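Have a look at the structure below before the remarks.
The values are calculated or read from the model by the stated rules, or taken from the named source; none is laboratory data. Small disclaimer: the values here were computed from a predicted structure and weren't measured. In this analysis, Cβ positions are derived from the backbone assuming ideal geometry, glycine residues included, and neighbour counts consider all displayed protein chains.
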Amino acid sequence: MLYDGTFEKIAKKWELTDSMCLSMDDKTYVAGGKVPEPDTSKLTKKSEDTQADDAAAESAGTVKKQGIGQIVKQLGQGMLATLGIFFFTLLFSMPLGLLVMAVRMSKIKPLQWIAKIYISIMRGTPLMLQLLVVFFAPYYLFGISTSYQYRFYAVLIGFSLIYAAYFAEIFRGGIESIPRGQYEAAAALGMTKAQTFFRIILPQVIKRIVPASSNEVITLVKDTSLANVVAYSEIMLAAKQQMMNYSSLVPLFIAGVFYFVMATVLTALFGFIEKKLNYYR
């Protein structure tokens, strides 16, 4: 390009119009002796789109290269931690629930109110909040520094206290649903209170609380995912880490399959138990 006006002289001599040679903006730049700057906005947008496509392709390629089996193996380790939370919570929460139920049904009013307040707090506050309180309480209340292993104990204590309140109400509802006449009939037959409870009342209570208990147990399976709020390495935390590593949703879908399989197995198990208890109709 010529910037000394020669281009304009040639255009004028040959009677070339602006539309045939250059735009008004370009003419202004040339006349002023400046080179027009190219519009790079479209190029920038195209470059960003290309980078996004390349990142997605690279992510898909990484997942394919590493293999779904590798991701499943890594999530399987987190699944073992989830199963540990699940089984230990049931192991401690059910006996504690029986104890809370006994206090709740006590004829001593102060004990009744203590149990009522405990149940109300556990059922009326978010599970995540309760876990955080249990985890941080030693440090903020007593100045005690906790180790990494305490994460598991905090999760176990939190879940056990929470689900004990729910099981206590389920057990209490089952016992109070038995007609009072059955107690009187057992007494008329000369049965002791212990015989009445274990031979007459308890079998019926078990059948009646199975549906409600199965619902709580299946809910516990899904609630174990909240353990990651205290950075305990269970399957949900592992899935999020793998999602960030591979930039893919595949680990989350695999984690969902794990939870679904566990819930399905428990549903089938409790359905089998209910069928076995149908003779109490």
Subject >> Number of the exception - PRO95 against (1) part of a helix (DSSP H, G or I); (2) farther than 23 Å from ILE209 by Cβ; (3) of a type outside the set (D, E, K, R) >> reply: (2)
Subject >> Selected residue (only one of PHE86, PHE92 is within 18 Å of the chain's Cα centre (by Cα) and modelled with pLDDT of 90 or more) >> reply: PHE86
Subject >> Of all residues making up region 122-162, the number that are closer than 23 Å to LEU80 by Cβ, in a helix (DSSP H, G or I) and free of Cβ contacts under 8 Å to residues at least 40 places away in the same chain >> reply: 5
Subject >> Which listed residue, of ALA212, ALA187, ALA263, ALA154, is among the hydrophobic types (A, V, I, L, M, F, W, C) and modelled with pLDDT under 90 >> reply: ALA187
Subject >> Output for region 92-137, where each listed residue is in contact with a Phe, Trp or Tyr (Cβ under 6 Å, 6 or more places away or on another chain) and polar (S, T, N, Q) >> reply: SER93
Subject >> Residues (of a type in the set (Ser, Thr, Tyr) and loosely packed, with under 12 Cβ neighbours inside 10 Å) located in region 260-279 >> reply: THR264, TYR279
Original post:
Given the structure, is MET101 in a helix (DSSP H, G or I), among the hydrophobic types (A, V, I, L, M, F, W, C) and closer than 18 Å to ILE170 by Cα?
Top reply: yes
**OP:** Go over the candidates ILE235, ILE254, ILE273 one by one and state the one that is of a type in the set (A, V, I, L, M) and over 29 Å from TYR153 (Cβ atoms).
**Re:** ILE273
Original post:
For region 174-253, list the helices (runs of 4 or more DSSP H) that sit wholly inside it and hold at least 1 residues that are under 26 Å from the mean Cα position of the chain (by Cα) and surrounded by 13 or more Cβ atoms within 10 Å (Cβ to Cβ); which are they?
Top reply: 202-223, 235-246
Original post:
Can you tell me which residues in region 192-238 are touching a residue at least 24 places away in the same chain (Cβ under 8 Å) and polar (S, T, N, Q)?
Top reply: GLN204, SER213, SER214, THR224, SER225, SER233
**OP:** Quickly run through region 74-98 and pick out the residues that are under 25 Å from VAL205 (Cβ atoms) and touching a residue at least 12 places away in the same chain (Cβ under 8 Å).
**Re:** PHE86, PHE88, THR89, LEU90, PHE92, SER93, MET94, LEU96, GLY97, LEU98
